[in-house]
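**Q** I'd like to ask some things about the structure below.
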Amino acid sequence: MPLNPDALNVILATDCGSTTTKAILIEKIDGHYRQTFRGEAPTTVEAPAADVTIGVVNAATEVGELAGRRLVDDHGQIIRPAKKGAAGQSKEGCDIYISTSSAGGGLQMMVAGVVRSMSAASAERAALGAGAIVMDTISTNDKRLPHQQIQRIRELRPDMIVLAGGTDGGTIPHVMQLAELIAPARPQPRFGGKYEMPVIFAGNREAAPLVAQTLQDGITLSIVPNVRPVLERENLGPARDKIHDLFLEHVMAHAPGYDKLIAWADAPIMPTPAAVGNILQTIAERDHINALCVDIGGATTDVFSVFPGPDGQPVFNRTVSANLGMSYSISNVCAEATLPMILRWVHIAMEERELRTRVKNKMIRPTTIPQTLEALIFEQAVSREALRLAYLQHKQFATTLKGVQQQRTVGDVFSQQTAGQTIVDNMKLDLIVGSGGVLSHAPRMEQTAAMMVDAFEPEGVTVLAKDSIFMMPHLGVLAQVHPTAALEVFERDCLIYLGTCVAAKGTGKPGRPCFEYTLRGGATGSGTMNVGDVRLIRLPPEATADIVIEPARGFDVGAGPGKRLERTVRGGTVGLILDARGRPLALPEDAAARRAMMSAWVKALAVYEG
């Protein structure tokens, strides 16, 4: 029976994470939806409980106790629909229960494609967009021998495999070569051998009958339209939808306790990252903006973006940096970024030996949080590098389609602009949303804003926000059922607006003029920003101001090099950040000079003191 959105007054949503199950209650108050209470409990998908619904019941019970509302009955079932009391007030149950999940490691997949940078990349985009972690990518040109590829498929035990390759009417032998690797590998699913491995074929439709003949024993084959029907176009939707369907039918149904959870939920359960991507796309579409969201965790960092593609239509991309995180993967960040790169963000004297000790202690006790200012400064320096590297990987993945011939001018040739260039453009970026412990739980909002500006280097005028309690997964699945409620809660309770960053693209000699500004409205004043300066102007939440920016020659704030820009900027808990440090951001090589410059920036933005 279809749900009536108008009848939804009390909504219970959970996100079953790998370690914690988070529950929130959303209620309709005075005609508007608000997030009212939240609770959490340990996830129970693994032994000894081995039943994910136990964690869900515990989290829902905590929310119910806080709300003064009985949400779970004596039999451990979620009460639906909400029941009216004697005075007509609802004090029991909820009208709808929805959930997302990344418990048990989330959705883990392998993809295979004929050419690594073309069909395999398209298949990878489909899998990542559906909320999966891509464990490996097999292609005919990945330089591994067939027996090595077969062994790799056997070892990884993914939840499912996406096989792509060949445009419609294109190559068949190369597609069959990949199918003939999967068949003898006889891949066993992660949650045991009680069901057959799901394989999605999203390649050349003319090869589909032969692929079906080859992949029979121990495999459940689904055939969907080609992810790359022609070189010039991707068609990821059908493959993503099939991944979602199989995630529920095969993976979730065989994970401990998920059969009950699926029966409880009033809408299909979504992988947590897919839900985050869903709400970001919903916001970007509604407001006609380009948006970026990052979720930095202990082991991985997810980056989501919505930017226009070559045809002007919004394109959603997601990447998972599986080796970049703040606890379990902190040593990988230090190895990939190198300690000197991390040290450049530290404005007090620290020795490399001391930092190495801090990294080792974090690896031994990954769940600890900083207890001293020095430890906090170091952790936030590491976060800048983790975010920077994850964003770099994302930009390299979020590209125009490779293999497509494009008309180029002589200027393009000399600047080496080729097909496959990134569609992520910092100058066109309107909104950055940060989430994850190091960003969401920083002691001061100014620290969160500074980490995001330093790591992502936004250009022009960019709004900064953070997810208050990592509510975006809950709202992403709610958007499938009731978009109005999801968007209202997103604006009113999910996002904490930090403010706006105005930054000039270009480089110059420190101390020389970068841009002049004039403010009117919620904040007033004018001044000159010299190269190397950064300034914080307090502009309260809900307040706006009109700014006129006159960049110096060679600097661009969004209207073109040296061209005047007039914009309305919004305030936030931090305010308006004027950034004249230049792009790309450069720091002195001399340690003493670098620390002095960092100290000036930290003081100007009130990062560690009021």
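**Q** Quick check on this structure: which one of T544, T528 is hydroxyl-bearing (S, T, Y), under 31 Å from the mean Cα position of the chain (by Cα) and in the same structural domain as T507 (by TED's automatic domain parsing)?
**A** T544
**Q** Search the stretch 457-485 for residues being of a type in the set (S, T, N, Q) and surrounded by fewer than 24 Cβ atoms within 10 Å (Cβ to Cβ), and hand back the single one that is nearest to H441 (Cα to Cα).
**A** For the stretch 457-485, the residue satisfying everything is S468.
**Q** Which residue, of F191, F201, is modelled with pLDDT of 95 or more, closer than 21 Å to H244 by Cβ, assigned by TED's automatic domain parsing to the domain that holds D241 and buried (at least 17 other Cβ atoms within 10 Å of the Cβ)?
**A** F201
**Q** Determine, yes or no, whether P473 is touching a residue at least 24 places away in the same chain (Cβ under 8 Å) and assigned to a loop (DSSP other than H, G, I, E, B).
**A** Criteria not met by P473.
Residues are listed down the side, and each one gets a yes or a no for (1) buried (at least 16 other Cβ atoms within 10 Å of the Cβ); (2) farther than 18 Å from Q480 by Cβ; (3) touching a residue at least 60 places away in the same chain (Cβ under 8 Å):
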position: P229; (1), (2), (3): yes, yes, yes
position: E232; (1), (2), (3): no, yes, yes
position: A239; (1), (2), (3): yes, yes, yes
position: H244; (1), (2), (3): yes, no, yes
position: A255; (1), (2), (3): yes, yes, yes
position: Y258; (1), (2), (3): yes, yes, yes
position: L261; (1), (2), (3): yes, no, yes
position: A267; (1), (2), (3): yes, no, yes
position: P271; (1), (2), (3): yes, no, yes
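**Q** Among residues belonging to the stretch 245-263 that are touching a strand residue (DSSP E or B) at 6+ places or on another chain (Cβ under 7 Å) and not aliphatic (A, V, I, L, M), point out the one that is nearest to I96 (Cα to Cα).
**A** Only one residue tops the list, namely F247.
**Q** I've got another one for you. Of the conditions (1) surrounded by fewer than 22 Cβ atoms within 10 Å (Cβ to Cβ); (2) under 16 Å from L431 (Cβ atoms), N317 fails just one. Which one is it?
**A** (1)
**Q** All but one of (1) at pLDDT below 90; (2) crowded, with 19+ Cβ neighbours inside 10 Å; (3) over 22 Å from the mean Cα position of the chain (by Cα) hold for L215; which doesn't?
**A** (1)
**Q** Among the candidates A49, A13, A60, A41, single out the residue that is over 25 Å from the mean Cα position of the chain (by Cα), outside any helix (DSSP H, G or I) and surrounded by 13 or more Cβ atoms within 10 Å (Cβ to Cβ).
**A** Answer to the selection: A49.
**Q** Take the conditions under 26 Å from the mean Cα position of the chain (by Cα), in a helix (DSSP H, G or I), charged (D, E, K, R) and at pLDDT 85 or above and apply them to E379. Does it pass?
**A** yes
**Q** With the requirement that a residue be in a loop (DSSP other than H, G, I, E, B) and in contact (Cβ under 8 Å) with a residue 60 or more places away in the chain, what does the stretch 577-609 give you?
**A** Of everything in the stretch 577-609, those that are in a loop (DSSP other than H, G, I, E, B) and in contact (Cβ under 8 Å) with a residue 60 or more places away in the chain turn out to be A580, R581, G582, P584, L585, A586, L587, L605, A606, V607, Y608.
**Q** Among the numbered conditions (1) more than 26 Å from the chain's Cα centre (by Cα); (2) free of Cβ contacts under 8 Å to residues at least 40 places away in the same chain, tell me where K466 comes up short.
**A** (1)
**Q** Okay, next question. Looking only at the stretch 181-225, filter to residues that are polar (S, T, N, Q) and in contact with a strand residue (DSSP E or B) (Cβ under 9 Å, 6 or more places away or on another chain); which one of those is nearest to T167 (Cα to Cα)?
**A** The extreme case among them is S222.
**Q** Tell me, please, whether a residue that is among the acidic types (D, E) and crowded, with 23+ Cβ neighbours inside 10 Å can be found in the stretch 180-188.
**A** Within the stretch 180-188, not a single residue is among the acidic types (D, E) and crowded, with 23+ Cβ neighbours inside 10 Å.
**Q** Continuing with this model, one more query. For the stretch 523-543, give me each residue that is in contact with a strand residue (DSSP E or B) (Cβ under 6 Å, 6 or more places away or on another chain) and among the charged types (D, E, K, R).
**A** R535, R538
**Q** Could you list, in sequence order, the residues of the stretch 544-557 that are at pLDDT 95 or above and not aromatic (F, W, Y)?
**A** T544, A545, D546, I547, V548, I549, E550, P551, A552, D556, V557
**Q** Continuing with the same structure: With the requirement that a residue be surrounded by fewer than 16 Cβ atoms within 10 Å (Cβ to Cβ) and over 31 Å from the mean Cα position of the chain (by Cα), what does the stretch 547-565 give you?
**A** Scanning the stretch 547-565 gives V548, R553, G554, P561, G562, K563, R564.
**Q** Still on this structure, please answer the following. Mind telling me which of the residues C334, C293 ends up being within 8 Å of the chain's Cα centre (by Cα) and in contact (Cβ under 8 Å) with a residue 12 or more places away in the chain?
**A** C293
The values are calculated or read from the model by the stated rules, or taken from the named source; none is laboratory data. Remember, predicted model here, so these are calculated numbers, not experimental data. No Cβ is skipped: glycine too gets one built from the backbone with ideal geometry, and neighbour counts run over all protein chains shown.
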